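Before any comments, here is the structure.
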Amino acid sequence: MSNKAVSIVVITYLLASAQFCQGSANSKADGLQKDSALKIYLPREVTIKDNTISLGQVSIIRGRESLVAKASGIALGLISVPGQEIIIDRATVLSRLACNGVPASEVTLIGAEKMTVRQQQQIIKGSEFVESAMSFLKENPPADSVCQWDPVRIPKDLIIPGAGKDIKLSRRLARGGGRNHAKVRIAVLADGKEIRVREVTFRLKYNCRKAVTLVELGAGAALSPRNVKIEKVVSNYPEPADWSPPYGLVAKRRLPANTVLRPDMVGPAQPAVIVGRNKTVLIRIEKPGLLITAIGKTMQKARAGEYIKVRNVDSQRIILAKVNEDGTVEPVF
């Protein structure tokens, strides 16, 4: 057989084989199209607006119009908690279709083996609540001397289902903060309606003053700018409203240098003792139109305004008398 004859036989065979393969492929495609009434594409992740999940929301469905409409309305689950994620696999989709009269033999699934479904939401971080509360405290400090705000703890994040809402925060001081704490109540408003509340508690620091000895002071030493300095400090508690430099007071005991003065360490200067014990004093009784005097002996020392016992030298009677500024004593009846 000639080469030309062999070439004609081969070409004829190839053309026949191609026509056969094409016919087989068309037959398979026609059979697939005939057997699969629905073709459903499943994405890997889906975000929906509502909390009810339907097949039409989370997939792309192609096929006969009546079946597409039926399949689209099939429920696949419910998002019951903000931030919840629902995992839906192919077996679940086929099961829900079968329960609604669409057998698996009429469905072709393509795309992901599993898909994650979430609800659209807005999140307010706990740190955002802290920043908002701190800004409010800076604008409305509980006291003029407050200089520092330390949050005790950061509140939980707030997840608000849905998107596109007008979210605003309303802040005010709350009760129960304590002496060195402040509590801020933050109301979360969505489209003007209060939906959630968060509270942020702060530990406060205050600008204060303290008095410190510059040198060693003995008991009874008077305090003055020469031996006491005033320093500024930051304290956990506010300065007493009546605090003032302790100038003019006296030390109740020996105080080393660099001692921070406390109220129990100092006190007012005591008036001088003007009558001593076993001293002769003038007992004086003065009334309108009447003046009576006598000589007495003191039984104790005293300052002006104090009450002491005095023995009348003439009668030897012991009386209670008040010490006057001029050193005389006045009987108390």
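FYI, it's all coordinate maths here, none of it is from the lab. Treat the numbers as computed from the prediction; the structure is a model and nothing was measured. Virtual Cβ from ideal backbone geometry, glycine too; neighbours counted across all protein chains shown.
At 7 Å along the Cα-to-beta-carbon direction for both K232 and R44, put a label point, then send me their distance in nm to one decimal.
In this crude label model, K232 to R44 measures out at 5.9 nm.
Fewest first, what order do R311, R62, R179 take by the number of other Cβ atoms within 10 Å?
Placing the least packed residue first, the sequence is R179, R62, R311.
Once you have the Cα-Cα distance between S135 and C99, take 0.36 nm times their residue separation minus that, and quote the gain in nm to one decimal.
Between S135 and C99, full extension yields 7.3 nm more.
Where does the chain land at 222 nm, in deg cm²/dmol rounded to the nearest 500, when only DSSP H runs of n ≥ 4 count, each adding -39500 (n - 2.57), divided by all residues?
When only DSSP H runs of four or more count, the value is -6500 deg cm²/dmol.
Along the Cα-to-Cβ line of R172, 7 Å from the Cα, sits a label point; which residues in the range 179-209 have backbone N less than 11 Å from it?
Inside the label zone: 185-187.
Under the rule a/c < 1.5 gives rounded, and otherwise a/b versus b/c splits prolate from oblate, where does the range 273-331 land using the Cα gyration tensor?
Taking the square roots of the gyration eigenvalues as a ≥ b ≥ c, the range 273-331 is oblate.
Would you give the gap between the C-alpha center of the range 133-168 and the C-alpha center of the range 49-85, rounded to a whole Å?
39 Å
Report, in whole Å, the centroid distance computed from the Cα atoms of the range 264-333 and the range 234-252.
Centre-to-centre (Cα) distance: 36 Å.
Taking the Cα-to-Cβ direction at I110 and at Y247 and moving 7 Å from each Cα, how far apart do the two end points lie in nm?
Label at I110, label at Y247, 9.3 nm between them.
Could you order the peptides 130-140, 237-247 from most to least packed, using the average number of other C-beta atoms within 10 Å per residue?
Highest-to-lowest ranking by the protection proxy: 130-140, 237-247.
Could you line up S95, S315, S235 from fewest to most neighbouring Cβ atoms inside 10 Å?
S315, S95, S235
Please find the FRET efficiency linking N324 to A222, where r is the Cβ-Cβ separation and R0 is fixed at 30 Å, and quote it to the nearest 0.05.
That gives a FRET efficiency of 0.70.
Along the Cα-to-C-beta direction of I159, a point sits 7 Å from the Cα; which residues of the range 120-134 have their amide N less than 12 Å from that point?
Label zone hits: 120-124.
What helices does the chain have that are whole DSSP H segments, at least 27 Å long along their own axis by Cα, and with mean Kyte-Doolittle hydropathy of -0.5 or more?
3-35
May I ask which of K138/K232; K156/K210; K156/K193 have a Cα-Cα span longer than 28 Å here?
Over 28 Å Cα-Cα: K156/K210.
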